[in-house]
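The values are calculated or read from the model by the stated rules, or taken from the named source; none is laboratory data. Predicted, not measured: the structure shown is a model, and the values here were computed from it. Every residue, glycine as well, gets a Cβ built from its backbone with ideal geometry; the counts of neighbours run over all protein chains shown.
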Amino acid sequence: MPTINEIGFLGTGIMGGPMAVNLAAAGFTVTAYDPDRIRLASLAERGVAAAASPAEAAAGRDAVVVMVASGPVADDVLFGSGGAASAMRPGALLIVMSAIAVPEAEAQAAKAAKLGLRWLDAPVSGGESGAKAARLSIMVGGAAGDFEVARPIFDVLGRAVHIGPVGTGELAKLVNQLTVASTIVAVSESLLLAEAGGADPARVREALLGGFAQSRIMDEHGKRIIERDFAPGGPAKYQIKDTGAAKALARSLNLDLPMLNLADRLFCDLVENGGGDLDHSALFLELMRRNGRLPQGSVLAAE
């Protein structure tokens, strides 16, 4: 079985940066590219070498990990001018850990195969905190043998599950995002109801964490809502990318998913009203806006 020692890493943002650092700390030789040169330079003292282009980051590496914002961005850094894919040696492993649409994953895997590259779609869940703590949930699509080759990478970053063939990792991510988005809506509504009704929402949350309403969303994002801490771990503008992709897939399968449609509409409204760069738990602010309860000076536009 091939051994992975050298990794090219494309995208060192909120989650990609900590992931690259964790791989370097585990003993891999990591060379990264990011268009934000300041952000990239900040990783040098933590063992991550900087490349001037995606192609330079990828050339000669055993594997290339992609952690960028969207499918079109991934397509550009891989297959655009100066892209990474054409610089990779035949037989190298391309691991796209970005959340992209299922058809995008399938199309990119086909392009990779024509270049003699192996492919895994391996999107993650866990946010910035999970990336830093190496506790990501990793959903992987692709050949079982390639999954085993990549396992040493995944083991550094969190817990990986091989879902099935190409595209099924991204499908699992969409399922995850539907669950997360709808649960954020439910938690936001619940805490707003508690607050409006005169109960201390912190006490309500504490009580709910001991029963069937307990969830990671209630735990972590419920705390964010109560403290009004909406610094982005998972920006709302990326949430609608995922719910939009899930809606498109549902339509292609002739599925009527009303909760998905509602969650997508609410998050779209949050973004349209100025909350795109806030954490997705700021959906609570959109509900406050709808109910005329926004505090003076809120970043959202009041009705």
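Scanning the stretch 279-303 for residues that are at pLDDT below 95 and among the aliphatic types (A, V, I, L, M) gives Leu294, Val299, Leu300, Ala301, Ala302.
Does any residue of the stretch 167-181 turn out to be of a type in the set (D, E, K, R), under 17 Å from the mean Cα position of the chain (by Cα) and assigned to a helix (DSSP H, G or I)? Yes, the stretch 167-181 contains at least one residue that is of a type in the set (D, E, K, R), under 17 Å from the mean Cα position of the chain (by Cα) and assigned to a helix (DSSP H, G or I).
In the set Ala109, Ala160, Ala131, Ala150, which member is outside any helix (DSSP H, G or I) and over 15 Å from Asp242 (Cα atoms)? Only one candidate qualifies: Ala160. For Asp229, the stated conditions hold: it is outside the structural domain of Val68 (by TED's automatic domain parsing), in a loop (DSSP other than H, G, I, E, B) and under 18 Å from Gly127 (Cβ atoms). When each of Arg118, Arg135 is tested for being buried (at least 21 other Cβ atoms within 10 Å of the Cβ) and within 21 Å of Leu23 (Cα to Cα), the lone residue that passes is Arg118.
The residue of the stretch 1-18 that is modelled with the highest pLDDT, among those that are more than 23 Å from the chain's Cα centre (by Cα) and over 14 Å from Val156 (Cβ atoms), is Glu6. Could you tell me whether the stretch 22-37 includes any residue that is touching a strand residue (DSSP E or B) at 6+ places or on another chain (Cβ under 6 Å) and among the acidic types (Asp, Glu)? No - not one qualifying residue is present in the stretch 22-37. Scanning the stretch 19-35 for any residue that is under 20 Å from Val77 (Cα atoms) and either in a loop (DSSP other than H, G, I, E, B) or assigned by TED's automatic domain parsing to the domain that holds Pro232 (or both) turns up at least one such residue.
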